[in-house]
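Taking it in order: structure first as structure tokens, then the write-up.
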Amino acid sequence: MFKTIADPADCDVRFVIRFLNAKNVKPDEVHRQLVEIYGENVMTDGMVRKWVRQFNDVRTNVHDEALSGRHSVVNNGLVAKENEKIRENRRFTIRMLCDEFPHITKTALHEIVTNRLNYRKLCSRWVPKMHTDVHKTKRLDSALTFLTRYSAMNS
């Protein structure tokens, strides 16, 4: 019995498939040997057949190809511009930002405002989520002032 290798890298498994395929080993036997060495959850028989087919079609690279997809329009420059617009007018809406940045979707703008810039909406103003110690002290002082006024009015 062979020693099993736990959690192999995908490219390692593909190297073995490529090697055994070069030795003209059938896909069923390749899968059996992979399961024997790497364990039951290494790769399905169908995936082994797919990789054997690709290696037979002159594929040599065992690494994943770069994913094709939509490129992100969000970059540091855009985030800085958006932050500048927000600081000009704290009473902005996402729709107003859409007018300023027409090439970006409303969802992407909202994502930037809430997740990248860490703003949240408070009384129709967007404010930073993280308050400094000075802000916290001022809020505490204001709350105590209101509380004393309220208790004085009810007395």
Q. Do we find that I37 is on the phi < 0 side of the Ramachandran plot and not assigned by the TED database to the domain that holds N21 in this structure?
A. no
**Q.** Search result, residues across the stretch 1-33 that are within 17 Å of T44 (Cβ to Cβ) and among the β-branched types (V, I, T)
**A.** V13, V16, I17, V30
Q. Within the set of pairs 6+ apart or on separate chains, which have a first residue in the stretch 46-64 that is closer than 17 Å to D12 by Cβ, a second that is in a loop (DSSP other than H, G, I, E, B) and at pLDDT below 90, and C-beta atoms under 7 Å apart?
A. none
Q) What are the residue pairs meeting all of these: first residue in the stretch 85-106, first residue loosely packed, with under 13 Cβ neighbours inside 10 Å, second residue aromatic (F, W, Y), Cβ atoms under 7 Å, and 6 or more apart or on different chains? A) R90/W126
Q | Residues satisfying the stated conditions in the stretch 4-27, i.e. within 15 Å of N56 (Cβ to Cβ) and outside any loop (DSSP other than H, G, I, E, B) | A | R14, I17, R18, F19, L20, N21, A22, P27
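The values are calculated or read from the model by the stated rules, or taken from the named source; none is laboratory data. As the structure is a prediction and not an experimental result, all values here were calculated from the model. Cβ sites come from the backbone with ideal geometry, for glycine too, and all protein chains shown count toward neighbours.
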